[in-house]
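Asker: Take a look at this one; I'll ask things after.
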Amino acid sequence: MNIVYLNGEFLPADEAKVSVFDRGFLFGDSVYEVIPFYQGVGFRLQAHLERLNHSLRAVRIKNEGNWNEILDTLVWKNGGGNLSVYLQVTRGNAGKRSHAYDDSLEPTVFACCTPIKDVWGEGAESVVPLKAIVTEDLRWHRCDIKSTCLLPNILVLQQAKDEGVQEALFSRNDKLTEGSACNLFLVKRGVLYTPKRSSEILGGITRELVLELADKHAIQFQEVDIDYEQLLSADEVWVSSSTRGVVPVVEVDGQVIGDGHPGPIWQKMFEFFAAFQRKLMRGE
Ligand code: PLP
């Protein structure tokens with residue numbers, strides 16, 4: 001059964017109701033996290049909760065949830081296994097529509113689960129490479145906050161779909177920032193490059209782990225500005241996110257990247273991730 005969490009209760013999804021005056025519904029006045037659980041265990045859970053803290057603090061929504069307990073119980077009630085957990089915290093229900101808010105509002109907390117595949121367990125052969133377009137980054141300048149105001153992300157992904165590809169990469173002032181729901185990497189002559197962390201991108205949990213593993217396995221990396229020419233002339237392009245892992249991009253704006261196949265550094269990174277996860281599952 002699909003059990004969700006809403007404001008202190010675990011209940012079937014179709015019984016969970018939120019007010020029409022909830023500020024998350026009216027204004028997108030809310031933040032969220034998406035956290036993968038494999039075999040019932042949160043993957044980089046603490047890093048996700050720290051980022052949730054950051055988002056809540058940045059938009060001044062109260063942070064009072066016992067997140068570990070809520071998420072563990074929710075995952076258990078949904079049978080454990082491989083699940084992606086969505087957790088959203090809105091500023092709450094003010095009982096009216098007004099831009100200004102009162103600090104006394106109680107946040108609305110909602111969480112639900114969706115089954116996911118175990119990217120790392122299934123092996124690199126199961127990963128389907130992507131094609132992408134580059135579009136203008138029309139988002140605000142606080143992309144470090146994981147806000148539910150996702151209209152620009154939704155529209156560019158739809159544009160990508162209309163153009164027959166699977167991902168859209170954002171470019172702002174001639175610098176690539178990230179993808180519609182993922183961070184961006186490229187490889188040139190064996191060196192890994194990714195846009196540096198700033199308020200123009202989300203500090204991806206998977207991005208952080210890619211850099212950690214690169215460091216551990218002596219893959220050189222640099223956090224730098226990346227322009228369109230550098231992107232198209234890269235040997236490899238990848239995107240990363242919690243639910244998709246690290247995925248090769250083999251074509252951008254109709255131009256083939258490298259030899260048009262997932263590259264050797266990506267293959268290595270995939271294996272590092274898979275080994276990291278296997279160790280985690282064994283409790284090491
Ligand atoms: N950038 C954006 C805009 C995202 O929405 C996401 C994930 O949803 C990411 C990057 C990747 O972040 P993470 O690796 O924490 O999933």
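The values are calculated or read from the model by the stated rules, or taken from the named source; none is laboratory data. All figures in this text were calculated on a predicted structure; none of them were measured in a lab. A quick note on method: Cβ atoms are made from the backbone with ideal geometry, for glycine too, and the neighbour counts reach across all protein chains shown. SASA here: full protein model, heavy atoms, side chains in, ligands and nucleic acids out. Shrake-Rupley method; radii C 1.70, N 1.55, O 1.52, S 1.80 Å.
Asker: Give the long-range amide H neighbours of residue 134: residues separated by 5 or more places, or on another chain, with amide H under 5 Å away, using H modelled in the peptide plane at 1.01 Å from N.
Answerer: 169, 253
Asker: Starting from the Cα of residue 15, step 7 Å toward the Cβ, then list every residue of the range 99-124 with an amide N under 20 Å from that point.
Answerer: In the range 99-124, the label zone of residue 15 (backbone N under 20 Å from the point 7 Å along Cα→Cβ) covers 109-114.
Asker: What part of the accessible area of the chain, given as a whole %, is carbon or sulfur when the probe is 1.4 angstrom? Working shown, then result.
Answerer: Numbers: 7140 of 13850 Å².
Ligands and nucleic acids excluded, carbon and sulfur reach 52 percent.
Asker: May I ask you to give the solvent-accessible area per residue for the chain, in square angstrom, as obtained with a 1.4 angstrom probe?
Answerer: Accessible surface, normalised per residue, equals 49 Å².
Asker: Roughly what angle does helix 205-216 make with the longest principal axis of the chain, taking Cα atoms, 0 to 90 degrees, to the nearest 10?
Answerer: For 205-216 against the chain, the angle is about 40 degrees.
Asker: Additional query: Please list 3J(HN,Hα) in residue order for the range 90-96, calculated via the Karplus relation 6.51 cos²θ - 1.76 cosθ + 1.60 where θ = phi - 60°; whole Hz, with x for glycine and proline.
Answerer: Couplings: 9, 5, x, 9, 8, x, 7 Hz.
Asker: Note down the magnitude of the dipole of the chain about its Cα centre, charges +1 on Lys and Arg C-beta and -1 on Asp and Glu C-beta and zero elsewhere, to the nearest 20 debye.
Answerer: My answer is approximately 520 debye.
Asker: Between the helical axis of 45-59 and the dominant principal axis of the chain, each derived from Cα atoms, what acute angle in degrees is found, rounded to the nearest 10?
Answerer: Around 70 degrees separate the two axes.
Asker: With r as the distance between the Cβ atoms of residue 84 and residue 171 and R0 = 41 Å, compute the FRET efficiency 1/(1 + (r/R0)^6) and round to 0.05.
Answerer: On the way: r = 28 Å, r/R0 = 0.68.
Using R0 = 41 Å, I get an efficiency of 0.90.
Asker: So between residue 154 and residue 278, what do we pick up on full extension, going 0.36 nm a residue minus the alpha carbon distance?
Answerer: Gain in length upon complete extension: 41.3 nm.
Asker: I'd like the distance separating the alpha-carbon centroids of the range 34-71 and the range 176-213, in whole Å.
Answerer: 21
Asker: With no solvent and one point per C-alpha, what does the Debye sum give as log10 I(q)/I(0) for the chain at q = 0.10 Å⁻¹?
Answerer: Ignoring solvent entirely, the Cα scatterers give -0.56.
Asker: Please turn the phi angles of the range 229-235 into ³J(HN,Hα) values with the Karplus equation 6.51 cos²θ - 1.76 cosθ + 1.60 (θ = phi - 60°), one per residue in order, whole Hz, x for glycine and proline.
Answerer: With the stated coefficients, the range 229-235 comes to 4, 4, 5, 5, 9, 5, 6 Hz.
Asker: Dipole size in debye (nearest 20) for the range 146-248 around its Cα centre, Lys and Arg Cβ +1, Asp and Glu Cβ -1?
Answerer: The calculated dipole for the range 146-248 is roughly 260 debye.
Asker: OK, next. Using the charge dipole of the range 4-116 (Lys, Arg: +1 at Cβ; Asp, Glu: -1 at Cβ; taken about the Cα centre), state which of 16, 101, 73 has its Cα farthest towards the positive end.
Answerer: So the residue we want is 101.
Asker: Moving to a separate point now. So between residue 255 and residue 218, what do we pick up on full extension, going 0.36 nm a residue minus the alpha carbon distance? Mind dumping the intermediate values first?
Answerer: Working: separation 37, 0.36 × 37 = 13.32 nm, distance 3.01 nm.
Here the answer is 10.3 nm.
Asker: How far is helix 264-281 tilted off the main Cα axis of the chain, in degrees rounded to 10, range 0 to 90?
Answerer: Around 40 degrees separate the two axes.
Asker: Let me ask something else. Ignoring everything but the protein chains, give the 1.4 Å probe accessible area of residue 77 in square angstrom, nearest 10.
Answerer: About 90 Å², ignoring ligands and nucleic acids.
Asker: Explain nothing, just the number: dipole magnitude of the range 3-115 about its Cα centre with +1 on each Lys and Arg Cβ and -1 on each Asp and Glu Cβ, in debye rounded to the nearest 20. Display every interim value, and only then the final one.
Answerer: Details: 11 positive and 13 negative charges, 65 e Å.
That gives a dipole near 320 debye.
Asker: Taking a threshold of 18 Å on the Cα-Cα distance, which of the pairs 62/146; 131/161; 216/279; 175/196; 196/279 fall above it?
Answerer: On the way: 62/146 15 Å; 131/161 10 Å; 216/279 15 Å; 175/196 11 Å; 196/279 29 Å.
Result: 196/279 exceed 18 Å.
Asker: Let me have the 222 nm mean residue ellipticity of the chain computed from DSSP H runs of 4+ only, each contributing -39500 (n - 2.57), with the sum over all residues rounded to the nearest 500.
Answerer: Value at 222 nm, helices only: -8500 deg cm²/dmol.
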